[in-house]
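Chemist: Quick one: structure below, then a few questions.
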Amino acid sequence: ELRPEDISEKTISESLYTADLPDPDLLIRTSGEMRISNFLLWQIAYTELWVTPTLWPDFVPVDLYRAVAEFQGRARRFGKV
């Protein structure tokens, strides 16, 4: 049984389905929606977001290329100002 005082960032991270996976560097959001829809909330704290108006069924390799190219040009601060 887990006691409240035993709950920590580490215990939560270890309990997630993604515990053995690295956090994503880039999240691509299709359809132009400026929200993440509660997707990987714990894991994307320092993830770069890229939003495209393209709908998922219409997303093609050139869209992925654009996302990665823009991501490569970003200066990542990992939460720092």
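Chemist: Please enumerate the residues belonging to segment 37-51 that are out of contact with any strand residue (DSSP E or B) (no Cβ under 7 Å at 6 or more places or on another chain) and either of a type in the set (A, V, I, L, M) or surrounded by 10 or more Cβ atoms within 10 Å (Cβ to Cβ) (or both).
Modeler: Across segment 37-51, the qualifying residues are Phe39, Leu40, Leu41, Trp42, Gln43, Ala45, Tyr46.
Chemist: Six or more apart or on different chains, Cβ under 6 Å: which pairs go from a residue in segment 55-81 that's touching a residue at least 12 places away in the same chain (Cβ under 8 Å) and part of a helix (DSSP H, G or I) to one that's of a type in the set (Gly, Ala, Ser) and surrounded by fewer than 10 Cβ atoms within 10 Å (Cβ to Cβ)? Could you list them?
Modeler: none
Chemist: Please specify each residue of segment 1-18 satisfying the condition of being surrounded by fewer than 10 Cβ atoms within 10 Å (Cβ to Cβ) and either in a helix (DSSP H, G or I) or under 18 Å from the mean Cα position of the chain (by Cα) (or both).
Modeler: Listed by number, the residues that qualify are Pro4, Glu5, Asp6, Glu9, Lys10, Tyr17.
Chemist: Kindly indicate which of Ser31, Ser37 is in a loop (DSSP other than H, G, I, E, B), in contact (Cβ under 8 Å) with a residue 12 or more places away in the chain and hydroxyl-bearing (Ser, Thr, Tyr).
Modeler: Criteria check complete, one pass: Ser31.
Chemist: Still on this structure, please answer the following. Report yes if Leu40 is touching a Pro at 6+ places or on another chain (Cβ under 9 Å) and not small (Gly, Ala, Ser), otherwise no.
Modeler: Spelling it out, Leu40 is indeed touching a Pro at 6+ places or on another chain (Cβ under 9 Å) and not small (Gly, Ala, Ser).
Each reported figure results from applying straightforward, stated rules to the coordinates on display, with no laboratory input. Model, not experiment: these values are computed from the prediction. Note: ideal-geometry Cβ built from the backbone for every residue, glycine included; neighbour counts use all protein chains shown.
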